[in-house]
1. Residues of region A:59-75 with amide nitrogen under 20 Å from the 7 Å Cα-to-Cβ point of A:D143?
2. Tally Lys/Arg at +1 and Asp/Glu at -1 over every other residue whose Cβ is under 11 Å from the Cβ of A:I44; what's the total?
3. In debye to the nearest 20, how big a dipole does chain B give about its Cα centre with +1 on each Lys and Arg Cβ and -1 on each Asp and Glu Cβ?
4. Residue-wise, which Karplus ³J(HN,Hα) couplings in Hz belong to region B:348-355, taking 6.51 cos²θ - 1.76 cosθ + 1.60, θ = phi - 60°, and x for glycine or proline?
5. Under the classification rounded if a/c is under 1.5, otherwise prolate if a/b is larger than b/c and oblate if not, where does region B:97-148 fall, given a ≥ b ≥ c as square roots of the Cα gyration tensor eigenvalues?
6. Could you check the simple spin-label distance between A:T57 and A:K4, using points 7 Å along Cα→Cβ, in nm with one decimal?
7. Can you compute the FRET efficiency between A:V125 and B:T272 using 1/(1 + (r/R0)^6), with r the Cβ-Cβ distance and R0 = 60 Å? Round to the nearest 0.05.
8. Using a Cα-Cα cut-off of under 14 Å, which aspartates and glutamates could be cross-linked to B:K21, ignoring same-chain neighbours fewer than 8 residues away?
Amino acid sequence: MKTKILKLLEGNAKYSIEDLAIILDSTPEIVSSIIAQLEDEQIICGYKTLINWDKITETEIVTALVEVQITPSRGTGFDRIAQRLSLFKEVEALYLMSGGFDLTVIVKSKTLKEVATFVSQKLAVIDEVLTTRTHFVLKRYKDHSTIFEQAKVDQRMVVSP
Amino acid sequence: MSIANKISTKVATMPPSGIRKFFDIVTEMGDAISLGVGEPDFDTPWHVREEAIYSLEQGKTVYSANAGMLPLREEISRYMARRFDLVYNPTNQILVTVGGSEGIDVALRTLLNGGEEVLIPEPSFVAYMPCTIFAGGIPVTIATKSENDFKLTAQELEEAITEKSKILILPYPNNPTGAILEKSELLAISEVIKKHDLIVLSDEIYAELTYGVKHVSIASIEGMYERTVILSGLSKAYAMTGWRIGYALGPAEIIEAMTKMHQYVLMCAPTTSQYGAIAALRDGDDDVKYMCDAYNNRRKLMLDGFRKMGLDCFEPKGAFYVFPCIKKTGMNSLEFCEKLLQEEKVAVVPGDAFGKSGDGYIRCSYAYSIDELKEALLRIERFVQKFL
């Protein structure tokens, strides 16, 4: 039941408790108590809306992907520095990577200059950080399994056998 | 000279499909929410489209073997064994048709001599009766009942059989009712079929879309394999309606005879579509499961919605339709559908478009997004409350 609820909510966070109960052959009381438990356990970490900001001309958002190489600390490895980085509000996402660098930092800010300032003055100056390489996102085509530009037009005939 | 007089009587006297009439009404309305569509709302999975595009890039645009490309027939054979425990020899027991519809037509024309009777449970897909008549047969309809969840019973079948009966069309999972037949029910019907030496055309186009119960083909019942032709295809399960790829599976003698007819009438199914179909059957099990799960969620919401608004609605366990009873409103199906369309701009299909016994019911497809379904349910409820 937990996994089913998670999969449904991951696909559509707008499901009402009542609809989930119908779909899962359960009751609203049981479904809400499971969801509350999942929230308590930080398995459900939040509910957000997927927005294509590119379409909102008055609001500019700049996103960058920063590859970071760091020196891991004795005892805590990469975790201590990663936890510290994740506290910056500019950091939208942070992943430990295998391969040619250690951390992927997704940085989001209002202007290019703000991103540059963050990388040069906050990120690169941390002792353990060896190198950074910053790549700016030019256009987002797909995010969270959702293709942005494609407006779904129902091409089917209105009635068919 | 009147050109109209030159049309064959068989065709001229065939009434247009009830669906067609309703289609015209809905089209005039313009901006209605439609629950009238008998095809998936999903796009064909990209890996299938990509395979077909690649075949075009490679210039693979020639005719295929009449029965369909051998690699496709082999894939169908593997698929049937994997999904339904049925073994069909790709060389002489599988015919790739132009959609499931061609399979119905070719099977009937291959098997029927003039005056032989075809037993057709109703409500059911609109093409069985016309195809029977075009093939020179006599359609004998069997009205299935809501109290039996629209399942054909052995007794109803027995009562409809005459010495002219030759073929039983078995349309389960059913369009428009969503009814399915389970193994125990198939066993009972099979006894009657064997006793009267009938051939079964089992239309299993919705076989992948069952909920909570796995589809059982009548061909897997003892003594039925040798007298069953399965008609199916990729349209519903893989969201490939426009590709027009179906298949017929059965005893070699029948499939070879059907292939003879198919080769003169159609030559072969579209080659590009056949390449897509190979990819779908080979790599598409997860796609089918994903879509089936989504349909099941919507099915439950629809069933709950209709029951909450006070309409009787049996639980459909297959296809992607619910078939609620609207008799309580005091209207017949067509009146209900026309009024609903005019007052609330929601299009559903009158149940009697699928046979007289469908009157008093409406077919609502749930091949739509949950938001669309919920909006439609709200409007239908507002409409129904005026009459209850």
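The numbers here are math on the coordinates, done by the rules we state, and not lab data. None of these values were measured; they are calculated from a predicted model. For neighbour counting, all protein chains shown are included, and Cβ atoms are generated from backbone atoms with ideal geometry for every residue, glycine included.
1. Only A:59-67 fall inside the zone, counting backbone N under 20 Å.
2. Details: positive: A:K2; negative: A:E10, A:E39, A:D40, A:E41.
Its environment carries a net charge of -3.
3. Values: 41 positive and 52 negative charges, 79 e Å.
Dipole size: approximately 380 debye.
4. 10, 9, x, x, 6, 5, 10, x
5. Working: a/c = 2.91, a/b = 1.42, b/c = 2.06.
In terms of gyration-tensor shape, oblate.
6. For the pair A:T57/A:K4, the computed spacing is 4.8 nm.
7. Values: r = 58 Å, r/R0 = 0.97.
Efficiency for this residue pair is about 0.55.
8. B:E335, B:E338, B:D352
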